[in-house]
1. Keeping the other protein chains in place, figure out the carbon and sulfur percent of the accessible area of region 132-262, with a 1.4 Å probe.
2. Rank these residues by their accessible area, most exposed first, probe 1.4 Å: E285, E121, E73, E315.
3. Non-local amide H neighbours of Y256 (under 5 Å, H modeled in plane, Pro and chain starts lacking H): which ones?
4. For helix 67-76, what angle does its Cα long axis make with the longest principal axis of the chain, in degrees from 0 to 90 and rounded to 10?
5. Calculate one ³J(HN,Hα) per residue across region 280-296 by plugging θ = phi - 60° into the Karplus curve 6.51 cos²θ - 1.76 cosθ + 1.60, and present them in order as whole Hz with x for glycine and proline.
6. For D259, D138, give the ranking by accessible area with the largest first, probe 1.4 Å.
7. I'd like to know which of N406, G367, Y377 lies farthest towards the positive end of the charge dipole of region 334-429, counting +1 on Cβ of Lys and Arg and -1 on Cβ of Asp and Glu.
8. Can you tell me the dipole magnitude for the chain around its Cα centre, using point charges on the Cβ only (Lys, Arg +1; Asp, Glu -1), in Debye to the nearest 20?
Amino acid sequence: MCYNIHMQKLIEFESGLKLVLVQNTAVRSVALGVFVGAGVVKETPDIAGISHFIEHMVFKGTKHRSSFDIVNEIDSIGAQINAYTSKSYTCFYTVSIDTNAQKCADVLSDIYFNPSFDQKELERERRVVIEEINESEDTPDDVCLEGLLSEFFKDSPLEKPILGSKKTLAAMTSETLFDYHNKYYTAPNTVISIAGNISEKSAIELVNLCFEGKFSGRLEKAKHTLGPADRHSAFTKKKKQIEQAHVALAFPSYAYNADGSVAVQLMSAIFSMEMSSRLFQSVREKLGLCYTIAGYPSSYENNGAYIIYTSTNPENVEKAVRAIRGEIDLLLEKGVTDAELNKGKEQLKTSLVLGQESTSAMMRTFGAHAMQTGSLYDFNARISAIDGTTKEDILKAAHKIFDLNNACASLVSPDIGIDVLKILKDKRD
């Protein structure tokens, strides 16, 4: 079956800048995202967190606008503006009605090209980000998952937290930010993603006016390649005086857009993501050991991890981990049923199709894909790949992922006298 995804196009400009356009004339909104290949994977240990700090600082004023002007111009037209930083890239975006798309693009262009990085504002915003770090350190599931990923990706750029550390933030100056900005905020390292009610002609004119025409004098940078992280097995733990124990497990998984990634998504829907999934039904519904439990893939360039997370009474940690291990063993031994496969396919396809109705979702999906692969996201090919996935494909993916020899575990609890990894690896008949 072919789903109408409207007109979609990838256009590369002379500078190396890319435009991804997803046209939808059935709506009156336009979502506009600026994706920059500046994330954790580009940072050296001494400037860890700089991508995220710049994400904050561009909103603190430019050569032409104060921090109030930036948000007030967007608020005055009823639009939205925001940003986020991932391990691989930073995204700045707006959502507005179609008639205000160019005004939004002008503001995004200004914060992209002309941040002031004023030292007084930097000192103030440094305190804000430190408070963000403090908040994360007070959130047990954040601590548990950050500890897990830091250990799983040990000695790889992916081990660093997106927020950085108080130590690295304290050392950053305006000059540090300008050096990093000049290095990575370049045309070949940037993707403009536009989704909504806008013609191809208008989109190209908008990008030429607000972005392409302003790249003169900027140098191309060599392509950065992230190598695979070394595999190993380890357990990390942290004691906190809290009511619950937070447990996270990580297993080797597929890289972004790799062969087998669709099978992993399907396995995830069946095994650990939905309320009807095996883990949810077993650990929560049947055994009553937790309120929250989920498993999901995290994928990056040449790297991937499959994460399982839950929280439970400290006295029930062993029971919960053994229940998870039991479901893993059952999956590896018997695979999935025809009914589960069909249900998983409908879940994934429905999620993709409903996402078409959101210009924000389309902007993020197509922009992130182009940023990480340099190519256009093929919606219908994704649907076909889902339809073509077999039970054997899922079983193959499960055997690749649930490699206990390379599993890592993390525990945050008032009682850390229990070895989660040892329990996970201890198979009981």
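The values are calculated or read from the model by the stated rules, or taken from the named source; none is laboratory data. All values reported here derive from a predicted model rather than from experimental measurement. Glycine gets a Cβ as well: all are built from the backbone with ideal geometry, and neighbour counts include every protein chain shown. Side chains are part of the model used for accessible areas, which takes the heavy atoms of the whole protein and leaves out ligands, DNA and RNA. Shrake-Rupley method; radii C 1.70, N 1.55, O 1.52, S 1.80 Å.
1. Within region 132-262, the accessible surface is 48 percent carbon and sulfur.
2. Largest accessible area first, the list is E315, E285, E73, E121.
3. Under 5 Å from the amide H of Y256 lie the amide H atoms of Y300, E301, N302, N303, each far enough along the sequence or on another chain.
4. Around 90 degrees separate the two axes.
5. Karplus values, whole Hz, x for Gly and Pro: 4, 5, 7, 6, 8, 5, 7, 9, x, 8, 7, 9, 10, 7, 7, x, 7.
6. D259, D138
7. The Cα lying farthest towards the positive end belongs to N406.
8. Roughly 420 debye, rounded to the nearest 20.
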